[in-house]
Amino acid sequence: MSRYYHPTRHTRNSLQPTAAPTKTNTTWFKSPAIILAMLLGVGAVGATLLVEFTTQHVIHVRADDSSDSAKKYTEQRQQHCQASVQHYKPGDTAINIAFADRPVTTQNISILNSLSVLGQCQNTKAPISNKQPGTSLILLLERIQNVVKKERDRKNNNPVVVTVEIQDSEPGPNQPNPKDLQRVKTLVRSIISGGGAIAIAVEDEALRNQLDTALTDEENVQISAFNNIASSVDWAFTTGRKTHNQ
């Protein structure tokens with residue numbers, strides 16, 4: 001009797017290897033870690049914007065001594081600019097004045113964001129030069145007083161923050177007596193009468209002592225050394241923003 005060997009028949013599927021189970025990818029918006037990270041990011045941005053837009057706005061006047069005797073102090077002018085820009089908030093008004101024998105307003109803008117004015121700090125060249133001898137602090141304060149009045153006429157009633165860096169107050173033709181400290185005191189009072197602060201950084205020690213003595217009883221006024229301009233700016237902004245409606 002013949003014996004036949006019949007090979008086992010395999011179906012096509014039985015010859016293929018069994019596929020590994022497919023991992024189900026969690027949809028990103030169902031991941032608690034990703035959602036938490038996004039919420040934290042949104043919260044941080046929101047908190048920053050809240051601070052930006054709820055901080056008391058100010059009118060900032062930045063005044064730099066641009067006389068011939070102060071032109072070499074490029075580092076102080078740059079520090080003054082950088083420290084100021086770091087404090088700007090949307091809604092602030094930024095006014096720059098260069099002064100020597102006379103004051104010249106070089107900028108008057110509303111701040112949308114501080115980045116828009118950051119580049120200007122790279123230019124350390126004094127924007128004006130002496131036309132005649134002298135450096136007048138009194139003429140500068142009179143210009144600031146007029147600038148503030150114009151802002152008030154425009155219904156800008158925000159506190160005034162004034163930061164000044166001056167090498168020395170020197171006499172010149174047809175200029176007020178630089179030693180008229182009573183006039184300086186009267187102007188300072190007028191400028192911040194509606195709220196604000198004034199910081200003056202002075203290089204000449206004699207002038208610094210004279211101003212410190214004359215203004216010692218004035219609130220929200222600081223006289224400091226020339227190389228402390230960054231700290232003076234910090235103090236002026238911090239103090240000025242707190243003086244609204246005081």
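The values are calculated or read from the model by the stated rules, or taken from the named source; none is laboratory data. Bear in mind the structure is a predicted one, so any value in this text is a computation, not a measurement. When we count neighbours, we look across all protein chains shown, and the Cβ atoms used for this are built from the backbone with ideal geometry, even at glycine.
Entry remark, segment 203-235: residues being small (Gly, Ala, Ser) and either in a strand (DSSP E or B) or at positive phi (or both) number 2 in total.
The rows are residues; the columns are (1) at pLDDT 95 or above; (2) small (Gly, Ala, Ser); (3) part of a helix (DSSP H, G or I).
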residue	(1), (2), (3)
Pro17	no, no, no
Ala20	no, yes, no
Ala33	no, yes, yes
Gly43	no, yes, yes
Thr48	no, no, yes
Val51	no, no, yes
Ala63	yes, yes, no
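For Pro159, the stated conditions do not hold, so it cannot be described as without any contact (Cβ under 8 Å) to a residue 60 or more places away in the chain, under 29 Å from Pro176 (Cβ atoms), in contact with a helix residue (DSSP H, G or I) (Cβ under 7 Å, 6 or more places away or on another chain) and surrounded by 17 or more Cβ atoms within 10 Å (Cβ to Cβ). Filtering segment 229-246 to residues that are at pLDDT 95 or above and among the polar types (S, T, N, Q) leaves Ser231, Ser232, Thr238, Thr239.
Among the candidates Ile166, Ile144, Ile128, Ile138, the residue that is more than 25 Å from Asn220 (Cα to Cα) and among the β-branched types (Val, Ile, Thr) is uniquely Ile128. Going by what's in this entry, would Lys185 be described as more than 16 Å from Thr243 (Cβ to Cβ), touching a helix residue (DSSP H, G or I) at 6+ places or on another chain (Cβ under 9 Å) and at pLDDT below 95? No, not satisfied.
Screening Ile191 against (1) under 15 Å from Asn96 (Cα atoms); (2) crowded, with 19+ Cβ neighbours inside 10 Å; (3) in contact with a helix residue (DSSP H, G or I) (Cβ under 6 Å, 6 or more places away or on another chain) leaves a single unmet condition, (1). Summed over segment 120-134, residues that are β-branched (Val, Ile, Thr) and under 22 Å from Tyr88 (Cβ atoms) total 1.
Pairs linking a residue in segment 79-94 that is within 7 Å of Ile111 (Cα to Cα) to a residue that is among the hydroxyl-bearing types (Ser, Thr, Tyr) and in a strand (DSSP E or B), with Cβ atoms under 7 Å and 6 or more positions apart or on different chains, are Thr93/Ser110.
One line per residue, one yes/no per condition, for (1) in contact (Cβ under 8 Å) with a residue 24 or more places away in the chain; (2) closer than 20 Å to Ile229 by Cβ; (3) under 28 Å from the mean Cα position of the chain (by Cα):
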residue: Gln145; (1), (2), (3): yes, no, yes
residue: Thr163; (1), (2), (3): yes, yes, yes
residue: Arg183; (1), (2), (3): yes, no, no
residue: Glu203; (1), (2), (3): yes, yes, yes
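Mind telling me which of the residues Ala94, Ala100 ends up being among the small types (Gly, Ala, Ser), closer than 23 Å to Asp212 by Cα and at pLDDT 95 or above? Answer to the check: Ala100.
Of all the residues in segment 125-157, those that are touching an Asp or Glu at 6+ places or on another chain (Cβ under 6 Å) and among the β-branched types (Val, Ile, Thr) number 1. When residues of segment 97-138 are filtered for being surrounded by 21 or more Cβ atoms within 10 Å (Cβ to Cβ) and hydrophobic (A, V, I, L, M, F, W, C), how many remain? Here the count works out to 5.
Looking across segment 59-114 at every residue that is of a type in the set (Lys, Arg) and within 15 Å of the chain's Cα centre (by Cα), the one that is farthest from Pro176 (Cα to Cα) is identified as Lys89.
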